[in-house]
Structure formats: structure tokens, C-alpha cells
Amino acid sequence: MTAEVDAGMARSTGASTPIPDTAARRRRWKRLRATALVLATQVAILIAFLVFWGHMTSRNSAAAFMFGSPSAIGGFLLQMARDGSLWRDLYVTGSETLLGFFVGNLVGTVIGLSLWYSRFVSRVVEPFVIAIGSIPIIALAPIIIIWFGTGLISKVAMSTLSVVIVALVTSYKGALGVDPDQINLMRTLGASKFQVFRKLVVPASLTDIFAGLKLTVGFALIGAIVGEFMSSSEGLGHAIFKAGSLYIIPKVFAALVATIALALILTFIVGKIERLLMPWRRL
Amino acid sequence: MTDVGNAKTAGAASAVAGGAVVPPLVVEHVSKGYEVNGEIVPVIGDLSLTLREGEIVSIVGPSGCGKTTLLNTLCGLLSPDSGRIRWHGREVTGQPQNVGYMLQKDLLLPWRTALDNAMLGLEIRGVAAAAEAEDRSRAMLDQLGLHGFADHYPSTLSGGMRQRVALARTLVHEPDVLLLDEPFAALDFQSKLLIENDTASLVRQGRRSLLLITHDIEEAVSLADRVIVLSKRPTRIKAVYDIALGAERTDMIGLRQSPEFSHYVRRIWADLDVVLQ
Ligand SMILES: Nc1ncnc2c1ncn2[C@@H]1O[C@H](COP(=O)(O)OP(=O)(O)OP(=O)(O)O)[C@@H](O)[C@H]1O
Ligand SMILES: [Mg+2]
């Protein structure tokens with residue numbers, strides 16, 4: 001019955017025959033070139049900015065004091081790397097951020113997705129979520145330090161709190177966004193509510209969950225650093241705070257550069273995991 | 001009437017009660033409305049129909065007359081306001097067993113390959129061991145002309161191929177009854193003819209029943225044993241045509257050029273025109 005159709009379709013789409021090697025290589029080369037161009041432009045912008053900054057601060061010592069100069073910042077970075085404080089601070093703030101990021105997203109996502117289960121519960125919970133979400137985390141910092149002390153736990157708590165509501169809202173939005181026709185189809189295939197949840201709602205929400213993950217990298221970091229501002233003996237927030245109160249502005253910038261680097265690395269890792277978990281989106 | 005046990009066995013044996021064959025689907029005086037701003041807007045007025053075993057019935061009607069609503073009511077996604085729906089002689093709460101349901105949207109899950117999409121129903125029901133489910137799904141994809149595409153993600157398939165995967169997902173657990181809502185409406189003419197042809201022969205081979213909702217009158221006439229024309233809301237049956245073109249319709253193009261074919265098409269057009277005015 002479909003034998004002729006078979007052959008016709010397979011031939012006309014051409015997807016079943018491998019693409020010639022040269023064409024594949026040419027396409028890969030083209031993609032590589034596009035990426036290289038983007039990178040080169042980014043580096044050029046950065047260099048232009050640094051040159052401009054260096055130029056403006058080199059002739060004016062007041063400006064150099066107020067804004068630091070790229071070379072002074074580089075010098076501080078080098079010094080911090082040599083005496084090991086850079087690595088120690090990165091490690092401390094990095095682990096606070098990661099823990100807060102992990103716990104906050106886990107709790108937020110689990111709650112957010114499970115709210116899909118019950119319209120009743122989600123309606124009950126909604127105003128509370130909005131209320132809690134509107135609390136500025138900084139306002140909680142003094143209480144959190146009283147509750148959890150001045151060590152790691154209080155920073156992780158700050159970081160978690162900065163993340164959890166965002167994670168909850170984005171994953172709940174994702175779960176609500178599932179096509180009702182798709183749910184109907186699952187039901188006609190005989191799926192239980194749990195099967196609809198596991199086989200449809202969770203994977204369909206992954207895109208939104210990962211959008212939340214990328215967003216919350218920054219929030220987790222802010223939480224950790226605000227926590228360090230309040231009271232701490234180490235970490236990037238501590239370094240920024242200390243250098244700032246001593247008016248060593250290039251050192252403030254040096255610690256900021258390290259903070260930015262940490263955020264970039266974490267975002268990059270999240271992106272990698274996203275691509276690993278959602279291979280169908282690479283196509 | 002004797003109790004026919006569960007709907008599944010009843011379907012397989014096409015349950016016999018008092019000597020008469022029980023049709024897979026009987027709809028009696030069903031009505032359905034939606035509540036909009038606190039008011040009930042009637043959609044389906046009073047509708048009765050019977051789908052017999054091995055029969056293909058097409059439903060045509062003006063846009064918005066409630067065809068999709070009817071289909072969703074039949075397969076238990078909505079409940080009727082009044083009237084009775086009997087599957088193999090029994091009223092079912094929730095979803096009826098062994099019914100295949102397919103829409104214009106292919107509704108493939110983008111994170112599953114063609115094969116995994118086709119397997120979805122078998123996986124959910126847990127009817128078959130994983131290996132057997134995979135074999136059956138692969139065979140069904142092959143049969144529908146998708147040999148070699150089992151491991152492709154939907155985003156890399158053409159519209160026609162995706163609809164074929166959706167059809168494989170619908171057919172692979174061998175439903176007695178297929179409920180299709182404009183399944184081929186989004187396809188180009190050529191793919192449409194091919195996939196219609198495949199659907200009809202798979203249905204006829206397996207002695208399944210098919211309820212096909214469509215806007216395409218030629219599609220309705222060329223595939224169906226019976227065409228039901230619906231009126232505007234609140235929807236009733238306006239006309240029924242028994243299509244006497246023979247069950248063996250191998251030459252779809254030739255069929256469409258026959259005078260009998262055009263005769264049916266013209267009369268159904270006329271019915272719908274009156275409705276539209
Ligand atoms: N969930 C809903 N709530 C309120 N009204 C609805 C709902 N779904 C459909 N309707 C209304 O019911 C009527 C019938 O809709 P339905 O989708 O069943 O029509 P249809 O015959 O399938 O149309 P089409 O041919 O365009 O697919 C329409 O007028 C629509 O506005
Ligand atoms: Mg419709």
C-alpha cells in the first residue's frame with residue numbers, strides 16, 4: 001500500500017541520504033566564522049573601553065583615584081592572585097552562590113511545578129507568593145544573621161531567598177503554559193494525572209525552568225554578596241566592602257571583575273547543562 | 001441485555017447482545033453548551049448518530065457549529081449536558097478505552113523522537129513490554145512511509161511527515177474507533193491524498209471504525225460510507241448521505257472525476273450554502 005509512497009517520500013526529503021562531506025564541512029566552517037566574528041567584536045569593544053578608560057585616567061590623578069585605572073585594577077588582580085586571596089574569595093563566594101542557587105531553584109521549581117496539580121492550592125498560595133516576592137531581600141539580612149550567624153549558612157540563606165520566588169514563578173508559568181490540547185491528547189491515550197505531569201508538564205516546562213536558572217545565577221550571587229556586606233571575614237563581597245571603606249577604588253573594581261567572571265562562568269555552565277538536557281533544541 | 005464485561009473485550013469481540021451486533025458508538029440526543037459570562041450558550045442542539053463497526057463516517061458543517069465540541073464530548077474530555085453516549089453498548093465515565101484521537105495539530109512532543117512519540121500511547125498504558133512497544137511502533141512508522149526517520153526529532157520533519165507520526169501514534173495501539181478532527185487540513189494536496197489513502201486502507205484492513213470531521217467536502221465524500229451534514233448552532237443533523245461509491249476505493253484520483261462523486265459533492269455544497277446564508 002505505502003511502498004511507493006515510502007520510496008518517494010524518503011527520496012524527496014533527502015534527509016535519509018547523508019549530506020555530502022564538503023557541504024557539511026562548509027556549513028560548519030561558516031558557523032565557526034560567525035562565532036569568531038561575534039567574539040572578535042566583543043573583544044574589540046572591551047579593548048576600546050579599556051583604552052578609553054586608561055587614557056582618561058592617565059592624565060588626571062583625581063580621576064584615577066575616583067575611577068581607578070585598568071592597569072591599577074590589573075595590578076591588584078595579579079597581587080590578589082599571588083597572595084591567594086583571590087582564589088579563596090572566589091571559592092567562598094562561589095560555594096555560597098552555588099548552594100543558594102541549587103537549594104533555591106530546587107525548592108522553587110518543585111513547588112512551582114507541583115502547583116500545577118491543584119488549581120485550589122495555587123489560588124490559595126498566589127497572594128502569599130506575591131507578598132513574599134515583594135520583600136526586598138536586603139531588609140531580611142539583619143534578621144538572617146541573627147538567626148543563622150555570620151558564617152556560610154546565613155549567606156546561603158540570603159542567596160536561596162533571592163532565588164526561590166523567581167524559580168517558583170517561572171516554573172509555575174511554564175507548567176501553566178502547556179497546551180491544553182496536548183493535555184487532552186494525553187488523557188485520550190489513557191494517561192493518569194501523574195503521567196500527564198511527568199511525561200508532559202515537566203519536560204514542557206524545561207525551557208521556562210532554564211530561563212529561570214539563567215536569571216537566578218545573578219540573583220544568587222547578589223544574595224551571597226549582600227550577605228557578605230552585612231558581616232563576613234572572607235569572600236568577594238567582603239573584599240569589595242573592605243576596599244571600599246578604605247577608599248582603594250581600583251581594588252573594589254578588581255574584586256568586581258572577579259565577581260563578574262564568577263557570574264559568567266556559572267551562566268556558561270548552566271547553558272551547557274541546558275544543551276545537554278534538551279538535545280532536541282540544538283536542532 | 002447481558003452485561004458485556006469491560007469495554008475493551010466488548011470491542012474486540014464486537015459484543016453480541018440478543019443476537020444483534022452492538023455498534024461501537026451510539027450517540028443519543030446529545031446536547032452541549034458552554035457557559036460564557038454566567039450564561040449558557042447552546043452549541044450542540046440535539047444530536048444522534050451511530051457509528052457501526054468497520055464504517056467510515058464523515059461530519060461536515062459550518063465553522064463554529066460545534067464539531068470539535070462534539071468530538072471532545074464523545075471521547076469524554078467534555079461531558080454532555082443531556083443525552084447518552086454509548087461505547088460498545090455501555091455508558092463510560094471518563095475516557096473510553098481503545099479510541100484513537102487526532103487533531104489538525106500534530107501535538108508531537110518536541111523532546112521525543114518520531115519513534116518515542118509514536119510509542120507514547122503504548123508507554124502510558126503499559127500494555128506492552130518496552131521492546132515489543134518499540135517494534136510495533138517502528139513497524140507502524142515503516143508502514144506509514146517513515147522508514148529511516150524513527151530517530152528524528154519532530155523539528156526536523158516536514159508537516160506531512162509529522163502528521164504521519166501523529167497517525168502512527170493514534171493507530172499503534174490498534175483502537176477500534178478513530179475520532180479524527182480535521183487531521184489533514186494543514187497539508188498540501190498531494191500529501192493529503194497519500195495520507196488519506198493510507199488512513200482509509202489501515203482502517204478498512206483492521207475493520208476499525210472512523211469518525212472523520214473535515215471542512216473538505218471532497219475528502220469527506222471520497223473516504224466515507226456516510227456523510228453527515230450539520231446545521232449552524234444550536235447544531236442538529238441537517239442531512240445524511242449514504243455514499244454509494246463502493247468500499248474498494250483504490251483509485252482516489254479517478255474516483256474524484258466520476259460523475260457520482262461530483263453529484264454528492266454538489267449536493268453537500270448546496271446544503272452547506274443554505275446553512276451559510
Ligand atoms: N471553551 C469554550 N468556552 C466557550 N465557548 C466555546 C468553547 N469552545 C468552543 N466554544 C464555542 O463553541 C462553538 C463551537 O466550537 P467548536 O470548536 O466545537 O467549533 P467547530 O465546529 O469545531 O469549528 P471549526 O470548524 O472552526 O473547527 C464556537 O462558537 C465556539 O466559540
Ligand atoms: Mg474544530
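Brief remarks follow.
- Filter result (within 14 Å of A:E228 (Cα to Cα), open to solvent by 70 Å² or more (accessible area, probe 1.4 Å) and under 21 Å from the mean Cα position of the chain (by Cα)) within region A:127-151: A:I138
A quick yes/no check of all residues on (1) under 21 Å from A:I145 (Cα atoms); (2) away from every other protein chain (no Cβ under 14 Å); (3) not in a helix (DSSP H, G or I):
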residue	(1), (2), (3)
A:Q182	no, no, no
A:R187	no, no, no
A:G190	no, no, yes
A:G218	no, yes, no
A:A224	yes, yes, no
A:K242	yes, yes, no
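- Once region B:111-136 is narrowed to residues that are at the interface with chain A (Cβ under 7 Å from one of its Cβ atoms) and out of contact with any Lys or Arg (no Cβ under 8 Å at 6 or more places or on another chain), the residue that is modelled with the lowest pLDDT is B:R125.
- Of the strands (runs of 3 or more DSSP E) lying entirely inside region B:137-235, the ones with 1 or more residues being open to solvent by 10 Å² or more (accessible area, probe 1.4 Å) and more than 11 Å from chain A (Cβ to nearest Cβ) are found at B:226-230.
- Test: residue in region B:95-113 that is at positive phi, within 16 Å of ligand 2 (Cβ to nearest atom) and open to solvent by 20 Å² or more (accessible area, probe 1.4 Å): no
- Failed condition for A:A175, given (1) open to solvent by 30 Å² or more (accessible area, probe 1.4 Å); (2) in contact (Cβ under 8 Å) with a residue 40 or more places away in the chain: (1)
- From the list A:I225, A:I240, the one residue that fits, being free of Cβ contacts under 8 Å to residues at least 24 places away in the same chain and over 30 Å from B:V99 (Cα atoms), is A:I240.
- Residue selected from region B:60-105 under the condition part of a loop (DSSP other than H, G, I, E, B), farther than 23 Å from B:G45 by Cβ and within 16 Å of ligand 1 (Cβ to nearest atom), by the criterion farthest from the other protein chains (Cβ to nearest Cβ): B:Q104
The values are calculated or read from the model by the stated rules, or taken from the named source; none is laboratory data. Predicted, not measured: the structure shown is a model, and the values here were computed from it. Note: ideal-geometry Cβ built from the backbone for every residue, glycine included; neighbour counts use all protein chains shown. For accessibility, only protein heavy atoms count, side chains too; no ligands or nucleic acids. Shrake-Rupley method; radii C 1.70, N 1.55, O 1.52, S 1.80 Å.
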